Every structure is written in C-alpha cells, then in structure tokens.
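Working notes, beginning with the structure itself.
Values quoted throughout were computed directly from the atomic coordinates according to the rules given, and no laboratory measurement underlies them. What you see is a predicted model, and the numbers here were worked out from it, not measured in a lab. Cβ sites come from the backbone with ideal geometry, for glycine too, and all protein chains shown count toward neighbours.
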Amino acid sequence: MPAAGPPNYWDYLHLDQLLSIQDGLERDETQLKPDELHFIIVHQAFELWFKLAIRELRLARDHLAEPRVPEETVPHVVHHLRRVTTILRLAVSQFEVMETLTPQDFLAFRDKLVPASGFQSFQMRVLEVLLGVDMDKRVRYGDVDPIAHIRKLAETSPSSAVALGQLQQAMAEVTLKGALQEWLYRTPIRGSGPADPGDAAVVTAFVDDYLARVADLHARQAVAMPAALGVDPAKVGERFALATAQARSFLLAEDVPEPDRDRTRRVRAALVFIESYRELPLLAWPRLLVDTIVETEEQLVLWRHRHARMVERVIGRRIGTGGSSGVEYLDQTTAMRIFTELWTVRTLLLPRHELPELPEASFYAFAGGGA
Ligand code: HEM
C-alpha cells in the first residue's frame, strides 16, 4: 500500500527495509563480528549492481534479437551494454573496499559461512547464461557444475527457489551471443544479404580475396621481420605460415561441423567485413556494437582477475568456503571467453591500405536497410 502524505526519500527507496537486512545468519546486527557488516554490505552492493546489469543486458539483447534491427536501434543496444560495462568497471574497483578486510579479521567469522560461497551467486550465473556462456564447457571445480549445484540446493532449501527460478528463466531465453550471431548472419557483405540470389558466391569471393591479402601480407612480413631483427628466417617463416593457415581455417569455419559451416562462415565474414570497412556510414554503429560487446566481456574477465587477486590477498591459496581449490579455480575462470569469434577476428584484421577494394561502398551510405 502506498504511504500516506507526500513522497519522501526513505519511503521511495524503502530504506527501512534496505538498512535492516545487514543482520547476517543471526538476524541480529549486534551479534555480527566486527568486520562482518563490512563483508555483508560489500556483497550486497555487488548483488544490487548485478541486478541492474542483468536488466540492462536483457534490454540490449531484446533489441538485438528483433527479427530485423533497423540502424537507429543499434545505438540503443550500445547504450544498454555501455551501462553493463560501466557497472562491471565500477564493480572491479569495489574490490578495493573488500580488501580492507584483513586475513585475520576475516578468519574470525569465515568458518560460519561454510559451505556458502560466491559460487552460489545466482545473479552471476544469470549474467553468464544471458551473455551466452556454454555451461557444458564451462570451467568447473571437480565435477561441480554451477547450475546443477544451485538445482541441488533448491531441493532442500526453500530460499533457493528464487535462485533456481531466476536461473531457469534465464536458461530459457535467447542469449546475447545467440542474438549477435543471428544479426551478424543477416549483415550484408559486399551489398549482398543471405536471402539474395548468389549470396554464397559473394561471401566466398570476399573471404577468398581477404585471405589472399592476409597470405600476401604475411609473406612480406616473413621476409622483412627476420632481416630487421636478425633472427632465424625459417622460424619466423613457419610462424607466419601458421598464422595464415589459422586465418584460413577460421574464415572457412573448418572447426565447425559440416552442417553449420556455411552459416558460421557468413557470420565470421560479416565480422571481418564490419571491422574492416568501419568508416562506411552504415557500418560505423555495427562496429561500435561489436566493440562494446568485446568491452563487456573484457570487463567481466577483469572482474574475475580482480576478484582472484583480492581473494589471494585475503585468504591466500587455501580451499574456498564453497570447497573449490580457491584462487587456482578462480584463475582458471579468467581464461574463459564467451565471444570467442570477436576476439579471434582481431588477430587477422588487415591494415586499411591492405584491404580488398569495395566497389559496393555506396550500398553502405545512409538511408539503407538494417540487418
Ligand atoms: C574476502 C572476500 C572474498 C573471498 C575470500 C572470496 C573467495 C571466493 C572463493 C574462494 C571462490 C571460489 C568458490 C569457493 O570455493 O568458495 C569465490 C567465488 C565467487 N565469489 Fe568470492 N570471495 C570474496 C568476496 C566476493 C565478493 C565481494 C563477491 C561479489 C559478489 C564475490 C563473488 C564471487 C562469485 C560470483 C564467485 C563465483 C565465481 C565463479 O564460479 O566463476 N566474492 N569467492
């Protein structure tokens, strides 16, 4: 029921409730250990930011998952994702506050948390799921699957139902990665869309031209570099030949099962195309969108790194309250990448002056269509 009288600050924010829930397992703030209030508030602040990040991520995903995304919608996707990256950047810096907890002061109450752990942060899992983490391939500790773990807890603890409900809902939704791939798939390459007649030939010609330029540049670099550095030309030659083969394998989607190959080739070609001809008006925002997604993942990776360093400082390399190997497990998670193709493309981009000509440039002037 709304409060009587004019609105005031504390009613609007429900400060009475918000400020009364830092009371720990005892449900009594006076019973907390001296640094426990600090520990609880830092965690709660993180979880509030996660809540907003999840909402913004869903809004970005909704726009991008439209069957057709007009040019003017792309800035909205970027806008929501920028909020996510800004929140994550802020969250990274908040570990400084956590670090004012000394190892000894944490030990005074750490044991009572067992087996609770940030590993059970269902909002972090929702974030991962909505971004597009492949949970079957995700780093685990032992055989503990983060989702199955929450599922199991929900069997015995009624309060875990909220966690499970949120997770299940997220798992039924389109992910940002999925929406991005659909959108990339529809991106016109050399003026041709996937539904246009002869599109496969246009894409193949673009990929072939591009790979020829990559091979040519690598061949020249393989000669110039050893001469400049005075190193073994054979070794350098091998390295560049490998880089050329990897670029080829990636753009031809050789790592993907045959039935999905054509689709993946088009998605990857679109990525290279957007990154390469980004100064064309209709590609400027798409390029920014791709870059913002890379930034979002970069911030998440930095979050993982920063958390691991803070943990190392406070508890060293001991086993986590959730039973993992602690810092070792957390460091393994920093190697995970969700948007692998966006990262890989960076390895094979050509300088502007090495790019194949684009006779269809006028197609990408303003007043065209959206992907
Ligand atoms: C003194 C403070 C902290 C310590 C010692 C600590 C320690 C750990 C450890 C050891 C793990 C691995 C799982 C386990 O075995 O428990 C973990 C996971 C996690 N912690 Fe923390 N943590 C601290 C603070 C925080 C804070 C402030 C957050 C913010 C929400 C947080 C969020 C998480 C998340 C989301 C995971 C799961 C990571 C993953 O599975 O990828 N932790 N933490």
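Assorted remarks:
- In plain terms, the chain from residue 319 to residue 86 could stretch by 80.7 nm, reckoned as 0.36 nm per residue minus the Cα-Cα distance.
- Spin-label pair residue 261-residue 159: with each label point 7 Å from Cα along the Cα-Cβ axis, the two points sit 5.4 nm from one another.
- Chain lengthening between residue 117 and residue 9 when straightened (0.36 nm per residue, less Cα-Cα): 35.5 nm
- Between the beta carbons of residue 185 and residue 148, assuming R0 = 30 Å, the FRET efficiency works out to 0.40 to the nearest 0.05.
- Our analysis of the chain gives Rg over Rh at 1.05, with the two radii drawn from alpha carbon positions and Rh computed by the Kirkwood formula.
- Positive dipole terminus of the chain, leading residue within 157, 247, 76 (C-beta point charges): 247
- For the pair residue 234 and residue 365, the difference between a 0.36 nm per residue extended length and the Cα-Cα distance amounts to 42.6 nm.
- Degrees separating the helix 258-276 axis from the principal Cα axis of the chain, which is the longest one: 90 degrees
- Between residue 357 and residue 94, the modelled labels are 5.5 nm apart [label points 7 Å from Cα along Cα→Cβ].
- Base-10 log of normalised Debye intensity for region 122-266 (one unit scatterer per alpha-carbon) at q = 0.08 Å⁻¹: -0.44
- Cross-link reach list, lysines versus residue 51, counting only Cα pairs under 22 Å and skipping chain neighbours closer than eight places: 177
- Mean Cα-pair separation over length for the chain, i.e. relative contact order, pairs under 8 Å, 6 or more apart, %: 23 percent
- Cα-based reach from residue 33 at 18 Å (exclusive), listing aspartates and glutamates while leaving out same-chain residues under 8 positions away: 23, 99, 105, 111
- Net charge contributed by nearby residues that have their C-beta within less than 14 Å of residue 100 (K/R +1, D/E -1): -4
- The C-alpha atoms of the chain define a longest principal axis, and helix 74-98 lies at about 50 degrees to it.
- Distance between the modelled labels on residue 45 and residue 337, one decimal in nanometres: 3.3 nm (7 Å Cα→Cβ projection).
- With contributions of -39500 (n - 2.57) from each DSSP H run of at least four residues, the per-residue ellipticity at 222 nm computed over the chain stands at -20500 deg cm²/dmol.
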